[in-house]
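Report on the following structure.
The values are calculated or read from the model by the stated rules, or taken from the named source; none is laboratory data. In this text the structure is predicted, and so the values were computed from the model without any measurement. Here the Cβ positions follow ideal geometry from the backbone for every residue, glycine too, while neighbour counts run over all protein chains shown.
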Amino acid sequence: MQKFLRLSLSLCCLLLTLGSVQAAEQQRDYPLTRLAPHTYIIQGPVGYPSVENQGFMNNPGFVITRNGVVVIDPGSSVQSGRMVLKQLRTITRLPVTHVINTHVHGDHWLGNQAIVEAYPKAVLMAHPEMIRLANNGAGAEWVALMERSTNGFTRGTVAVVPVVAMNDGAELKAGGMTFRFYAPSDAHSHTDIMIQVVEESVVFAGDNVLNQRIARMDDATFAGNIAACEVAAAIKAKVYVPGHGPAGDIKVVNNFHTYLSTLFNEVKALHEQGKLDFEMKDAVVARLVPYQNWPGFSDEVGRHISLAVLELDNAF
Ligand SMILES: [Zn+2]
């Protein structure tokens with residue numbers, strides 16, 4: 001009897017352990033937000049990839065067409081991609097026909113794997129430079145970075161790289177919807193596309209526009225990113241989806257444009273006075289008061305100033 005009890009207890013422990021491993025492998029659910037009659041996003045938490053957010057912190061989007069679903073940026077891992085599909089299935093059983101990735105940073109596209117697992121015929125699209133870089137090491141680097149930042153949570157993720165290149169001015173017509181592509185050069189990552197869903201008056205801006213979170217500008221140029229914000233604003237869409245943070249109207253774009261242009265113009269003025277980057281910080285920070293509560297501000301602003309100085313030096 002005692003032996004039986006011990007066996008049952010150990011079986012029980014084993015099942016509990018298996019259960020918790022299984023539970024730990026799943027990405028936490030995040031709710032859908034409807035932005036337009038056929039357009040939804042899952043707004044990820046605002047922050048950087050971490051154990052706490054399981055690496056998930058972007059804004060995956062769905063556009064439901066007559067023939068199927070166009071998915072934009074399905075998240076940072078196979079786990080987040082599966083969560084994204086689970087939310088999608090609460091609103092439609094239509095298959096995913098296309099996946100569009102806004103740029104090469106893996107927090108936006110490593111979820112492709114989950115979509116292709118479920119819908120092997122889905123067509124994956126991105127900027128040609130994103131496809132090139134992702135195939136030449138950036139994909140593997142992002143897989144490793146995500147695994148490190150989440151302490152192994154995203155293990156099992158592989159880079160499924162888009163194959164169809166979309167250039168500036170290209171259009172995709174799918175199930176009665178028009179997706180117009182804008183590829184401003186030298187913006188957030190040199191691999192960026194922004195997507196206008198014409199009939200819905202929605203723009204997916206990728207990381208060219210962020211809301212309530214500071215960008216990493218290491219792969220960006222200030223001049224190019226400022227110009228990209230102007231391209232987005234000129235579309236005059238009803239709704240803008242930033243790469244991170246809440247969606248909203250044109251104010252979301254203008255607000256991020258103001259951050260970038262205020263910083264860049266202030267650095268330019270101080271640079272012309274002969275100041276060095278570390279001597280500029282107090283003056284620049286004083287001009288950016290509305291942004292000081294955005295996650296990443298105190299970590300990134302010094303780096304943004306140095307990058308802006310480098311960009312100005314390289315321009316001459
Ligand atoms: Zn990015």
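Against the list (1) in contact with a Lys or Arg (Cβ under 8 Å, 6 or more places away or on another chain); (2) at pLDDT 95 or above, the condition ASP218 fails is (2).
Evaluate the following for VAL231: is it touching a residue at least 12 places away in the same chain (Cβ under 8 Å), among the aliphatic types (A, V, I, L, M) and surrounded by fewer than 24 Cβ atoms within 10 Å (Cβ to Cβ)? Taking the combined requirement at face value, the residue satisfies it. May I ask you to list the residues in the stretch 38-61 that are under 17 Å from VAL203 (Cβ atoms) and either in a loop (DSSP other than H, G, I, E, B) or in contact with an Asp or Glu (Cβ under 9 Å, 6 or more places away or on another chain) (or both)? Answer for the stretch 38-61, where residues must be under 17 Å from VAL203 (Cβ atoms) and either in a loop (DSSP other than H, G, I, E, B) or in contact with an Asp or Glu (Cβ under 9 Å, 6 or more places away or on another chain) (or both): HIS38, THR39, GLN43, ASN58, ASN59, PRO60, GLY61.
In the stretch 72-102, what residues are touching a strand residue (DSSP E or B) at 6+ places or on another chain (Cβ under 8 Å) and touching a residue at least 60 places away in the same chain (Cβ under 8 Å)? Scanning the stretch 72-102 gives ILE72, ASP73, THR97, HIS98, VAL99, ILE100, ASN101, THR102. Within the span defined as the stretch 138-157, every residue fails to be more than 15 Å from the ligand (Cβ to nearest atom), within 29 Å of THR65 (Cα to Cα) and of a type in the set (D, E, K, R). Among the candidates MET130, MET125, the residue that is surrounded by 18 or more Cβ atoms within 10 Å (Cβ to Cβ), within 15 Å of the ligand (Cβ to nearest atom), outside any loop (DSSP other than H, G, I, E, B) and at pLDDT 95 or above is uniquely MET130. For the stretch 183-211, a residue qualifies if it is farther than 20 Å from GLN43 by Cβ and among the polar types (S, T, N, Q), and the qualifying residues are SER185, SER189, THR191. Is there a residue in the stretch 89-106 that is surrounded by 23 or more Cβ atoms within 10 Å (Cβ to Cβ), at pLDDT 95 or above, under 24 Å from VAL231 (Cα atoms) and among the hydroxyl-bearing types (Ser, Thr, Tyr)? Yes, the stretch 89-106 contains a residue that is surrounded by 23 or more Cβ atoms within 10 Å (Cβ to Cβ), at pLDDT 95 or above, under 24 Å from VAL231 (Cα atoms) and among the hydroxyl-bearing types (Ser, Thr, Tyr).
Selection of first residues in the stretch 261-277 that are assigned to a helix (DSSP H, G or I) and of second residues that are of a type in the set (Phe, Trp, Tyr), restricted to Cβ pairs under 7 Å at least 6 apart or on distinct chains, gives the following pairs, ordered by first then second residue: PHE264/PHE222.
Rundown of residues vs (1) in contact with a strand residue (DSSP E or B) (Cβ under 7 Å, 6 or more places away or on another chain); (2) outside any helix (DSSP H, G or I); (3) closer than 18 Å to GLN196 by Cα, yes/no style:
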| site | (1), (2), (3) |
| --- | --- |
| ILE214 | no, yes, no |
| MET217 | no, yes, no |
| TYR240 | yes, yes, yes |
| GLY243 | no, yes, yes |
| ASN254 | no, no, yes |
| THR258 | no, no, no |
| VAL301 | no, no, no |
| VAL309 | no, no, no |
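Screening GLU52 against (1) within 16 Å of the ligand (Cβ to nearest atom); (2) closer than 17 Å to ARG28 by Cβ leaves a single unmet condition, (1).
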